1. Tell me the residue from Gly306, Gly230 that is among the small types (Gly, Ala, Ser) and at pLDDT 95 or above, please.
2. Restricted to segment 150-174, and to residues that are among the aliphatic types (A, V, I, L, M) and over 21 Å from Ala67 (Cα atoms), which residue is farthest from ligand 2 (Cβ to nearest atom)?
3. If you go through segment 38-66, how many residues are within 16 Å of ligand 2 (Cβ to nearest atom), more than 18 Å from Ala127 (Cα to Cα) and not aliphatic (A, V, I, L, M)?
4. Sort out which residues of segment 162-204 are without any contact (Cβ under 8 Å) to a residue 24 or more places away in the chain and within 26 Å of Asp274 (Cβ to Cβ), and write them in order of number.
5. Surrounded by fewer than 21 Cβ atoms within 10 Å (Cβ to Cβ), under 21 Å from Met285 (Cβ atoms) and either of a type in the set (Asp, Glu) or within 16 Å of ligand 2 (Cβ to nearest atom) (or both) - does that describe any residue in segment 138-149?
6. For Thr272, work out the one condition from (1) crowded, with 18+ Cβ neighbours inside 10 Å; (2) of a type in the set (S, T, N, Q); (3) modelled with pLDDT of 95 or more it doesn't fulfil.
7. Condition (residue is in the same structural domain as Asp218 (by TED's automatic domain parsing), of a type in the set (Lys, Arg) and within 11 Å of ligand 1 (Cβ to nearest atom)) applied to segment 193-203: is it met by at least one residue?
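The values are calculated or read from the model by the stated rules, or taken from the named source; none is laboratory data. The model shown is predicted, which means the values in this text are computed figures rather than measured ones. Quick reminder, even Gly has a Cβ in these numbers, built from the backbone with ideal geometry, and neighbours come from all protein chains shown.
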Amino acid sequence: MTAGAIVPPTPAAIAHAARLLGEGRLVAIPTETVYGLAADATDDRAVGVLFTAKGRPAANPLIVHVATLDAARALGRFDARAERLALALWPGPLTLVLARTAACAVVPRASAGLATIALRIPADPVARALLAAFGKPVVAPSANRSGEVSPTTAAHVAASLGDRVALILDGGPCPVGVESTVLSLAGPVPLLLRPGGVTRAAIEAVIGPVATLADVPDSDAARTSPGLLGRHYAPHIPVRLDATSVGPDEALLAFGPRPLGGAAAARNLSATGDLAEAARNLFAMLRELDSPAYRGIAVMPIPATGIGAAINDRLKRATADAALPPPGH
Ligand code: TXA
Ligand code: MG
């Protein structure tokens, strides 16, 4: 198999991928959220190679993926809240940030030297089969170069990382489409660091009220969530939010049954106004509209309820330092 080859997730391919991880190589894997770039979390050299392949700043910690709750308990300190959330919402798109255990086998570099560790059990059957076959924790950031739009198909991974990855397991398009929700339980108050595939309401139904980064001072936010601030998920052309009109030189990212007319090109996240469908389509459609042929991408308003919070979060990051004036200004 040539470097970067896209292969179907047969048992033989999964066994091969596990061997590659054991040799310190990088393998791209499907998860229910986005494709991940996997490496052996206990191999300092492999984790270093991963940071380089992504072009990721060393201060931005990685999420550690495991197959079982017992494996997670060996790495992070589970209190009663963490136990309840894990039992209710794992496997699934929820990442818990916990204090590291004394015996934690994950190399410090994976967590950017922090005293905490981010853990999740993914729901995707291919990811779970690989984790079971490998038998050790795996770091897996989204399988894109740092700052780019996250990949939701194997082809997106190949376009972004190409030969930097030894193998790409093709699990088809990701059913959730936005990354996991990151929740810190390292302090007394549960703190939502990144909205994602599990809604705030689903978490609060299990452990009661959670705080968000908007509730804490900026300095605390920067310390508890390195790498989560600022621009990310960015197309190469400007993105303009809450558009109520669109120029003939702009691409339109529509939502709902009444898309704006007159754009140079258009995609509709969900013609029926279904937020889960919109999340699933978000990154692929941003990529499709990301062309120098357009002045920018105008995005229609999307409700911030449920998984809409994650959609709006990703879109805001795509605009963070690239303001595009409305047409005619
Ligand atoms: O859905 C997902 O979570 C995907 C799939 C592949 O599992 N992975 C993903 O990883 O989105 P990544 O590296 O793109 O995002 C991980 C986020 C980072 O923004 C990082 O700041 C946060 O998790 N994180 C990791 N460890 C942390 C820690 N110890 N404390 C606070 N935040 C942490
Ligand atoms: Mg990412």
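1. Just a single option satisfies the conditions, and that option is Gly306.
2. Among those that are among the aliphatic types (A, V, I, L, M) and over 21 Å from Ala67 (Cα atoms), it is Ala166.
3. Going through segment 38-66 one residue at a time, the tally reaches 8.
4. Leu192, Glu204
5. Yes; the residues of segment 138-149 include at least one that is surrounded by fewer than 21 Cβ atoms within 10 Å (Cβ to Cβ), under 21 Å from Met285 (Cβ atoms) and either of a type in the set (Asp, Glu) or within 16 Å of ligand 2 (Cβ to nearest atom) (or both).
6. Of (1) crowded, with 18+ Cβ neighbours inside 10 Å; (2) of a type in the set (S, T, N, Q); (3) modelled with pLDDT of 95 or more, only one is false for Thr272: (1).
7. Yes, because at least one residue in segment 193-203 is in the same structural domain as Asp218 (by TED's automatic domain parsing), of a type in the set (Lys, Arg) and within 11 Å of ligand 1 (Cβ to nearest atom).
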